[in-house]
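Since the structure comes first, as structure tokens, the remarks are kept for the end.
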Amino acid sequence: MDAEKILNLLVKTGYITQEQANRVLKERGKDEDIFDTLVRLGILDEDKILHFLKGLIPSRIWNEEIGDVDIPASIIKSLPQEFLRKNKIAPIKYEDGKLYVLMFNPLNQSAVNELKFYTELNNVIPFAARLSTVEKLLDKLFPQLANVLEDIEVPDEIELEEEGPELPIEMLAQASEEAPIVRLANGLIFEAVRMGASDIHIEPQEKKVIVRYRVDGVLRIFHEFPAQIKDSIAARYKIMSNLDIAEKRKPQDGRIRIKAGAKKIDLRVSTVPTVYGEKIVMRIQEAEKYLQVKLEDLGFEEDDLKVFRRAIWKPWGMILVTGPTGSGKTTTLYSSLMERNKPEVNIMTAEDPVEVSIPGINQVQVNERIGLTFSSVLRSFLRQDPDIILVGEIRDTETADIAIRASLTGHLVFSTLHTNDAPTTVTRLEDMGLEPFLVGSSLVLIVAQRLIRRLCNECKIPTDTPKEALVRLGILKDTSEDITIYKANPNGCEACNNTGYKGRTAVHELLEVDDDIRKLIIKGGTADDIRELARKKGMRSLYETGLLKVRRGITSLEEVERVLMQ
């Protein structure tokens, strides 16, 4: 029902005069709901509006209390919070394919139609409710800043970690004792850590600031704040990471190191100037997590683990771990070093940055601004009598050449490359200008890896995919196999934050360089040639390893296809 029809009904029923109706039409803001205008001008209050609606649509008045809201997470995710708050709409119940919503103006058919578009539901049933009831329900579904900060349990003792650069600020205190912007900055960090997030994204937009957390590899919007806070929140994090507050035109990188109780938390901070202000991304790293992980915890298949362990105990050669940023390469390398970390072994690492300080290992922070590059550090290492060398990343031909020559002169060298799979790593090294005979002679093992989400054990459900399809995909050997294959519950549960997944595990592709593959590399074989020979010798692709985890109920077919399907 359009605004003029609603005003005519209000005039006919005696709620307002014709003069008041004319004033409303004249002073109504662009896209402003007619009931909002009536309340803003003081012509009607929400009680009189609700009384009017009771006479007009008596069966569509919400009189119940707001209890537990049972709505599928997929529907909640599809609803933009800004749209709901602007139109005073709050979803309250979902059953039998119908979405029930509370609205301050249930006569706003255009808003209902837009709601159908977002949810892809044909049955959206609006009920009239007080504005305070709608807002209370929205705050329950989408917690506001004040509520979020109240819910965050900041540890009693929070202090700056003594290691690393001194930060030009006082020690972090309890959230309740700090100014609002400081409380917000601290609160977002501790909320993200508590949720197990790996990254915090603070993104300024034209009319708001969005905060997203990457949890189990997937980014989700958790908060929206007014655009006015963008400069102050950016300045706060730049102060904490010892960056230049005045410099807003160039990207900057820094580090925040704090200790909350007994827990040490490192955050790598990156700022980038965007059209609407500086975007901040913080990578969260907890030292204890790296130091406690064993090779058995990394998701290796049993036979792959034997191959990997055999390689890391070799006296010399090169082991490469490949994959995109955030695929768990650092965890795999650190776990390998921890296994080899003995008093009789001299381990030296060149990293940018040093992710975690490990007792007993000599770690060097690369600093290209002063000429301390990977290649220059590697040259120095060779005069330090090392047994094992870790090169954080092979970025250029010079570093690759020195690392390979180090592996050929009696050292075990670990490093990483950004390649999609194991066989293409060989050709990438050759494309960097390295001779095939050097590459073939030095390589011991190439590990390609990705991280996939684990199914939540509390709420996972059997898949409805036909057995014939599972056989064709290679998950089942034949239709007579009595194995239950699981998928994520679309509604999730409290344990998994309504996502259906909780935690992640790695999938691996291991290319063991034996004599046959070494000869093929030296002869100049292509990636396809190497892949074909390796598969004949038993190498599984990343996708095939993912399917093994589907078979064992660790993850879902949908997750494997999302991450690993080409």
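The values are calculated or read from the model by the stated rules, or taken from the named source; none is laboratory data. Keep in mind that this is a model prediction, so the values were computed, not measured. Quick reminder, even Gly has a Cβ in these numbers, built from the backbone with ideal geometry, and neighbours come from all protein chains shown. Accessible surface is based on the protein model in full, side chains and every heavy atom, while ligands, DNA and RNA are left aside. Shrake-Rupley method; radii C 1.70, N 1.55, O 1.52, S 1.80 Å.
Listed values, structure above:
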read-out: Of 77/289; 294/329; 5/116; 77/116; 289/314, pairs whose Cα-Cα distance is over 19 Å; value: 77/289; 5/116; 289/314
read-out: Alpha carbon convex hull of region 1-153, projected area averaged over orientations, nm²; value: 10.0
read-out: By accessible area with a 1.4 Å probe, ligands and nucleic acids excluded, highest first: order of 463, 17; value: 17, 463
read-out: Vicinal HN-Hα couplings computed from phi for region 223-236 (Karplus, 6.51 cos²θ - 1.76 cosθ + 1.60; Hz; Gly/Pro x); value: 9, 10, 10, x, 4, 5, 8, 4, 6, 6, 5, 5, 4, 4
read-out: Exposure of residue 430 as accessible area (Å², to 10), given a probe of 1.4 Å and all protein chains; value: 40
read-out: Region 226-329: mean projected area of Cα convex hull, nm²; value: 10.4
read-out: Region 396-469 - Debye-derived log10 I(q)/I(0), Cα point model, q = 0.12, 0.25, 0.28 Å⁻¹; value: -0.50, -1.25, -1.39
read-out: Interchain or long-range residues, amide H under 5 Å from residue 416's placed H; value: 321, 393, 394
read-out: Computed E for residue 2/residue 181 - FRET, C-beta separation, R0 51 angstrom, nearest 0.05; value: 0.75
read-out: The chain: relative contact order as a whole-number percent, Cα under 8 Å and 6+ apart; value: 9
read-out: When the convex hull of its Cα atoms is projected in every direction, mean area for region 301-360 (nm²); value: 4.9
read-out: Diffusion coefficient, µm² s⁻¹, Stokes-Einstein with Kirkwood Rh over alpha-carbon pairs of region 271-387 at 10 °C and 1.306 mPa s; value: 96
read-out: Modelled FRET efficiency - R0 51 Å, residue 51 with residue 96, Cβ distances, 0.05 increments; value: 0.95
read-out: With every protein chain in place, the chain: carbon and sulfur % of accessible area (1.4 Å); value: 47
read-out: Charged-residue dipole, Cβ positions (Lys, Arg, Asp, Glu), the chain about Cα centre, Debye nearest 20; value: 920
read-out: Residue 495-residue 558 pseudo-label distance in nm [points 7 Å out on the Cα-to-Cβ vector]; value: 1.9
read-out: Normalised contact order of region 430-566, rounded percent, pairs of Cα under 8 Å and 6 or more residues apart; value: 35
read-out: FRET efficiency, 1/(1 + (r/R0)^6) with R0 30 Å, evaluated for residue 136 and residue 294 via beta carbons; value: 0.05
read-out: Contour minus Cα-Cα distance for residue 478 and residue 206 (0.36 nm per residue); value: 92.4 nm
read-out: Solvent accessible area, Å² - residue 297, 1.4 Å probe, full protein context; value: 100
read-out: Distant-in-sequence amide H partners of residue 541 (H built 1.01 Å from N, under 5 Å); value: none
read-out: Area accessible to solvent at residue 62, 1.4 Å probe radius, in Å²; value: 40
read-out: Karplus-derived HN-Hα couplings along region 506-519 (A = 6.51, B = -1.76, C = 1.60, θ = phi - 60°), whole Hz, x at Gly and Pro; value: 9, 10, 10, 10, 10, 10, 7, 8, 9, 4, 5, 5, 4, 4
read-out: Long-range amide H partners of residue 349 with built H, under 5 Å; value: 362, 363, 364, 390
read-out: Computed over region 436-546, Cα set: Rg, Dmax in Å; value: 19.3, 56
read-out: Label-point gap, in nm, between residue 465 and residue 219 - each point 7 angstrom along Cα→Cβ; value: 2.8
read-out: ³J(HN,Hα), Karplus 6.51/-1.76/1.60, whole Hz, each residue of region 385-395, x for Gly, Pro; value: 6, x, 9, 10, 10, 10, 9, x, 7, 8, 9
read-out: Projected label distance in nm at residue 231 and residue 316, using a 7 Å step from Cα toward the beta-carbon; value: 6.1
read-out: Added length on full extension, which subtracts the Cα-Cα distance from 0.36 nm per residue, residue 516 to residue 274; value: 82.0 nm
